[in-house]
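Peer 1: Have a look at this one before I ask anything.
Every read-out reported here was derived from the displayed coordinates using simple, explicitly stated rules and does not represent laboratory data. Just so you know, these numbers come straight off a predicted model, no measurement behind them. Virtual Cβ from ideal backbone geometry, glycine too; neighbours counted across all protein chains shown.
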Amino acid sequence: MKKATRRATSSTRALPFDVPPQIDRALKTAANKVGVVRDETRTVAKKVEKSVRNAATNVRKTGESIAKDPGSFVRGVVRDAKSNMETVRADVSREATRIADEVARRVTAVIEPVLENALHRLNVSTQKDMKALVTKVDALSRKMDKLHAPVRRPRARKAA
């Protein structure tokens, strides 16, 4: 109830000079918004205070637990570290494989044309050339088979 009384008294207090109605309304609106922000700030401050108290309580409990059995704490830290290490190892291995594949792809893209040109200059057939030749030989072979196929003669009819 105090809050409502304060607001009412502060907004109804008479000023020693005349204030235009628009400015008076704007001042009242601003005062109301400041009050809302103040109330929200108090609410947030209470929540933060509660969170800090809970965190402090948890830290105290954790400290007591560590003090009672430091070996268990160390084993937990080591277990977590091993787990993290395995995750990092798997990630690094996966990334290394990806990089190696990318490097191999790039090197192949650069080396193959150079090697093909060098073989061509030395008049050595490449795999591509050999495949083209095999295709041509197969086509010629089919044409030759058609040319040398036995000619079918029509049967002689029996005279009746």
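Peer 1: Lys and Arg at +1, Asp and Glu at -1: add these up for the other residues within a Cβ distance under 14 Å of A96 and post the number.
Peer 2: Values: positive: R89, R94, R98; negative: D91, E95, D101, E102.
Neighbourhood net charge equals -1.
Peer 1: Using alpha-carbon positions, what is the distance between the centroids of segment 18-66 and segment 75-125, in Å?
Peer 2: After rounding, the separation between the Cα centres reads 55 Å.
Peer 1: A follow-up question, please. If you put +1 on each Lys and Arg Cβ and -1 on each Asp and Glu Cβ, how big is the dipole of the chain around its Cα centre, in Debye rounded to 20? Can you show the working numbers first?
Peer 2: Details: 37 positive and 18 negative charges, 227 e Å.
Computed about the Cα centre, the dipole is about 1100 debye.
Peer 1: Considering the values (1) 37, 18, 15; (2) 93, 39, 23; (3) 85, 11, 8, which represents semi-axes √(5λ) of the Cα gyration tensor in Å as calculated for the structure under consideration?
Peer 2: (2)
Peer 1: Still on this structure: Would you kindly state how much longer the chain becomes between V52 and K128 on full extension, computed as 0.36 nm times their sequence separation minus their alpha carbon distance, in nm to one decimal? Numbers along the way, then the final one.
Peer 2: Working: separation 76, 0.36 × 76 = 27.36 nm, distance 7.35 nm.
Length gained between V52 and K128: 20.0 nm.
Peer 1: Near K128, which lysines are there with a Cα under 30 Å away, not counting those fewer than 8 places off in the same chain?
Peer 2: Output for K128: K136, K143, K146.
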